[in-house]
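Heads up: the structure comes next, in structure tokens.
The values are calculated or read from the model by the stated rules, or taken from the named source; none is laboratory data. All figures in this text were calculated on a predicted structure; none of them were measured in a lab. Cβ sites come from the backbone with ideal geometry, for glycine too, and all protein chains shown count toward neighbours.
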Amino acid sequence: MKQQITPQPGIMDIALYQGGASHVAGHDNVLKLSSNENPFGPSEAAIRAYERMGREMHRYPSGDHSALRGAIAKVYGLDPERIICGAGSDEIIAFLCQAYAGPDTEVIHTEHGFAMYRISALAAGATPVEVKEHERVTDVDAILAACTDKTRLVFLANPNNPTGTMIGSADIARLAEALPPQALLVLDGAYAEYVEGYDGGAALVDARQNVVMTRTFSKIYGLGGLRVGWGYGPAHVIDVLNRVRGPFNVSTAALAAAEAAVRDVAYIDHCRAENARWRTWMADALAEMGVPSDVSLANFILARFASREEAEACDLYLQSQGLLVRRVAGYNLPACLRITVGDESGCRRIVHAVRQFKGG
């Protein structure tokens, strides 16, 4: 009998996600600036908390994440009952698609938006709808024009990855106000902590019933290897998401490290300041060589080259020097390279190598 085992519709349309490379053949001392990781790593408080949990690995973690939710709520001034934790913000994104999208529905994302929006939509059987940006910046009017009676979710990263650009609170509020009544606006704040004074959309979540915010511990908190994220939304949304969340989806060690990390506000302030300092320096230095970038509000810059060929040639040269950055042709930006902001040494190495590539 002919085999008829097939996956759900949409699954085979998913291209496998490609993370930033970590190794270069022939180089032992590789500088990885391809995954937007914090070059300073996690805080010492988070490391100590993680180590303390080493003897508790036989215990199941907290099923309600109450300690971490309480710490997040205290630091950010939020309602802990409307916080949900996940294995990275990716899992919260997947929960949203699982719970609210599905066959014969649509999920909107922008043309340079995070790849997991499309992947999670397809995994849920929904149709992803890609909307044009305006010169690498989210276009609210284009999003609204793409909305239909099938729209269930609109994903918006602010600041965006891989562009580093963002739109203001007034535009976000206008988008939320004008969405069709059956649609949720999801504000992905993976890089929100890098923007001084920005709440990631929390105030808008409190003011409305159709806005959800997602956040992560993988970027400024330096816990990418532990996979911890969280979401904040209206009570009716969080109730739904908790119904599809696995009871022990975040490990004991990850919960403890994340709780310590979020309480270490001074360390995050330090990381934010260092990132802003070297982001500006690197962007200015590359621009002087004829490699411009948009003003970035995140922990990376999107370096623009004259052509795809030049961008790829520069990437190959950087690899030959043991330097890893990220090609972003898969984000419809073939003539660009995304470069994570490293520490002083890392930024200087990148600038020196690009200067050599350009013949300077």
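Would you pick out the residues in the range 184-210 that are without any contact (Cβ under 8 Å) to a residue 40 or more places away in the chain, out of contact with any helix residue (DSSP H, G or I) (no Cβ under 8 Å at 6 or more places or on another chain) and in a loop (DSSP other than H, G, I, E, B)?
Matches in the range 184-210: Gly189, Gly197.
Every residue, every condition in (1) outside the structural domain of Gly222 (by TED's automatic domain parsing); (2) aromatic (Phe, Trp, Tyr); (3) closer than 30 Å to Arg279 by Cβ; (4) surrounded by fewer than 19 Cβ atoms within 10 Å (Cβ to Cβ), yes or no:
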{"position": "Ile84", "(1), (2), (3), (4)": "no, no, no, no"}
{"position": "Ala101", "(1), (2), (3), (4)": "no, no, no, no"}
{"position": "Gly113", "(1), (2), (3), (4)": "no, no, yes, no"}
{"position": "Met116", "(1), (2), (3), (4)": "no, no, yes, no"}
{"position": "Ser120", "(1), (2), (3), (4)": "no, no, yes, no"}
{"position": "His134", "(1), (2), (3), (4)": "no, no, yes, yes"}
{"position": "Asn160", "(1), (2), (3), (4)": "no, no, yes, no"}
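Which condition breaks for Cys271 when tested against (1) hydrophobic (A, V, I, L, M, F, W, C); (2) surrounded by 20 or more Cβ atoms within 10 Å (Cβ to Cβ); (3) farther than 30 Å from Tyr76 by Cα?
The number of the failed condition is (3).
Which pairs have Cβ atoms under 6 Å, sit 6 or more apart or on different chains, and link a residue in the range 159-182 that is more than 22 Å from Arg215 (Cα to Cα) to one that is not aliphatic (A, V, I, L, M)?
What qualifies is Pro180/Cys147; Pro180/Thr151.
Which of (1) more than 19 Å from Arg136 (Cα to Cα); (2) crowded, with 20+ Cβ neighbours inside 10 Å is the odd one out, the single condition Leu316 does not satisfy?
All conditions are met except number (2).
Against the definition (of a type outside the set (Phe, Trp, Tyr), at pLDDT below 95 and assigned by TED's automatic domain parsing to the domain that holds Ala235), how does Arg69 come out, yes or no?
Working: of a type outside the set (Phe, Trp, Tyr): yes; at pLDDT below 95: no; assigned by TED's automatic domain parsing to the domain that holds Ala235: yes.
For Arg69, the condition - of a type outside the set (Phe, Trp, Tyr), at pLDDT below 95 and assigned by TED's automatic domain parsing to the domain that holds Ala235 - is not met.
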